[in-house]
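The values are calculated or read from the model by the stated rules, or taken from the named source; none is laboratory data. Keep in mind it's a predicted model, so treat the numbers as computed, not measured. Counting neighbours? That spans all protein chains shown, and the Cβs are built from the backbone with ideal geometry, glycine included.
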Amino acid sequence: MRYFLMMVLATVLVCTGCDDDDREGGFTSTGEILSIHHNDSLLNLDGLSIVASVGEYLAINGNIALTNLNGLGALTSVGISAYNDFTVSGNTLLPDCEVCVLLGQLSTAPGEIVVDNNLDDACTPVPANCP
């Protein structure tokens, strides 16, 4: 199993099993896990714009300055794992409707979805109030 670690402006992206094919622009599939957590200065995920699939588990947690998920616009698949397959939690400036948009672009719904402690809006609670 390969491990890929990318540092961007004090942001840590941990990706296990990533396809690190040395192409300019990064990887398109994480293979297993994509975890973006506790990055106080992370404003967006634009550097992940070509990631189309996450093999087992997506976690975006505790990124207090994150306001949107636009950088995950190419994401269409999150696999199923023994963990909560899709977790977006504790991102205090991220509106829940942003999470609804991300869930809506997935071709298959993740097994377990955990969304809490983000910015409450018309979509809270997710996924029950997703348009």
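Here are the numbers for this structure:
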quantity	calculated
Test: residue in the range 111-125 that is surrounded by 15 or more Cβ atoms within 10 Å (Cβ to Cβ) and in contact (Cβ under 8 Å) with a residue 40 or more places away in the chain	no
Candidate set from the range 77-90 (those that are part of a loop (DSSP other than H, G, I, E, B) and more than 14 Å from Asn118 (Cα to Cα)); member that is modelled with the highest pLDDT	Asp85
Which numbered condition Ala74 fails, given (1) over 25 Å from Thr124 (Cβ atoms); (2) modelled with pLDDT under 90	(2)
Matching entry among Ile36, Ile64, Ile60, Ile50 (being among the β-branched types (Val, Ile, Thr), part of a loop (DSSP other than H, G, I, E, B) and either modelled with pLDDT of 90 or more or within 18 Å of Pro110 (Cα to Cα) (or both))	Ile64
Exclusive hit being at pLDDT 95 or above and surrounded by fewer than 17 Cβ atoms within 10 Å (Cβ to Cβ), set Leu5, Leu93	Leu93
When residues of the range 40-53 are limited to those that are buried (at least 17 other Cβ atoms within 10 Å of the Cβ) and within 13 Å of Thr67 (Cβ to Cβ), the one farthest from the chain's Cα centre (by Cα)	Leu42
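Residues checked against (1) in contact with a helix residue (DSSP H, G or I) (Cβ under 9 Å, 6 or more places away or on another chain); (2) charged (D, E, K, R):
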| residue | (1), (2) |
| --- | --- |
| Gly71 | yes, no |
| Pro95 | no, no |
| Val99 | no, no |
| Leu103 | no, no |
| Thr108 | no, no |
| Asn117 | no, no |
| Asp121 | yes, yes |
